[in-house]
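Notes for the one structure printed next.
The values are calculated or read from the model by the stated rules, or taken from the named source; none is laboratory data. Bear in mind that the values here come from a model prediction, so they are computed numbers and not experimental data. Because the Cβ atoms are built from the backbone with ideal geometry, glycine has one as well, and the counts that use them run over all protein chains shown. Please note that ligands, DNA and RNA were not included when accessible areas were found on the heavy atoms of the full protein model with its side chains. Shrake-Rupley method; radii C 1.70, N 1.55, O 1.52, S 1.80 Å.
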Amino acid sequence: MELKSNHSSPVLTDPIPVNNSRLGIHSNLLSYQQSGGSLSSGKYMTIPRKKPGKLEDVWSNGWLEAMRSSSPPRKRLIKDKDFTIEAAADDFDIAYCSWMIKYPSALKSFDQILKNAKNKKVAVFLDYDGTLSPIVDDPDRAFMSDSMRSAIRDVAKYFPTAIISGRSRDKVYELVGLTELYYAGSHGMDIMGPVSHAESGDHPNCIRSTDQQGKEVNLFQPAREFIPMIDEAWLVLQVLKTLVENTKDIKGANVENHKFCTSVHYRNVEEKNWPTIAQRVHDILKDYPRLRLTHGRKVLEIRPVIDWNKGKAVEFLLESLGLSDRDDVLAIYIGDDKTDEDAFKVFRERNLGYGILVSSVPKESNAFFSVRDPSEVKKFLKALVTWKKFEKA
Ligand SMILES: O=P(O)(O)OC[C@H]1O[C@H](O[C@H]2O[C@H](CO)[C@@H](O)[C@H](O)[C@H]2O)[C@H](O)[C@@H](O)[C@@H]1O
């Protein structure tokens, strides 16, 4: 892929070397001294023992409601004054079908999508978890199937293709393992792309580096225009350590390091302990005004308050690829999570192309179309490739 933009965002080098063994740290795998010096001196920071806040905090600010509604079960619970019953599959299917009037199947609407893609340059943006890999209990085992990998490899032969994930860039690259793609990690705050043209290296936003296999790549940290990212990575590292320490007694809690953001998983935490985990995170964040919280699928995501998200990352990539503000470009974004809504919104507002929501339950979205699950994502990607092959032939 060719990088052409004159986007004003400068680029930083990797500020803090990421030690891969620290990715996906489980709460009880990282030990701390209770007191000590600073991180930079190689010792441990002091983790203040704080007075816990009140549980009312997380009720009143809506965290618990958001936690309960993330990743809803397939069957709906119907609540009555005296009893709770599971809605019958038929009722559920009716609800899903009426929802699909608003968000039609991207597979069934494929001809309509193609009609608009004709004679246009298509760019493909893909979220990772829940989109390319099924949601599983252990984030370290969210593997993509070989057939999905091969579908994406084919897509990248014909279209500029990027993976946009909340995970760290290194982690998502490790999971996908294709050198020909762009990878936007930490919700787009850390972008890596293939070196395909000599001029890419001259790009003002880009520095040349090598990936884990020693292959040359281009690196971008576009949010630098807002704030030095090295400071943010430092802040996230501090909060990560405190989060690990303060959640280690909650069975099933898992804190992941994504370099510019961090995730606190509660998928494996008993629901009765969700208020506790929410309150602990809330108490810690009170001391970090430069960090904010967003909700994902049974995960609390902590990231810098900077005005950067998956939507901005898509805009940045399109511009960098010379595909911005052009009538002959159609972008497609496929994602399943709340953070993907930032991208869907940008797609709608700027008429960039089509957002496709991956969901097997009805939910409100800024996407145009829907698919049920990663297997339908794969079908869609394969169909795109088949169309392009025939168009070229
Ligand atoms: O932007 P994404 O690529 O969708 O990343 C968002 C989060 O994805 C991962 O968590 C989710 O998937 C896990 C594995 O299936 C699942 O166990 C978890 O409950 C989901 O929230 C990742 O582990 C998180 O760090 C990302 O923030």
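Between Ser105 and Asp373, the distance separating the two model label sites (each 7 Å from Cα on the Cα→Cβ line) works out to 1.4 nm.
What is the extension gain from Lys363 to Asn351, computed as 0.36 nm multiplied by their sequence separation minus the C-alpha to C-alpha distance, in nm to one decimal? Provide the component values of the computation, followed by the final result.
Working: separation 12, 0.36 × 12 = 4.32 nm, distance 2.18 nm.
Roughly 2.1 nm would be gained on extension.
In this calculation the C-beta distance from Asp231 to Asp325 is compared with R0 = 41 Å, giving a FRET efficiency of 0.80.
Please calculate how many Å² of accessible area region 272-381 carries per residue, with a 1.4 Å probe and no DNA, RNA or ligand atoms counted.
Details: 3880 Å² over 110 residues.
In whole numbers, region 272-381 has 35 Å² accessible per residue.
To the nearest 10, the accessible area of Lys312 is 60 Å² with a 1.4 Å probe.
Dividing the mean sequence gap of close Cα pairs (under 8 Å, 6+ apart) by how many residues region 246-359 holds gives a relative contact order of 19 percent.
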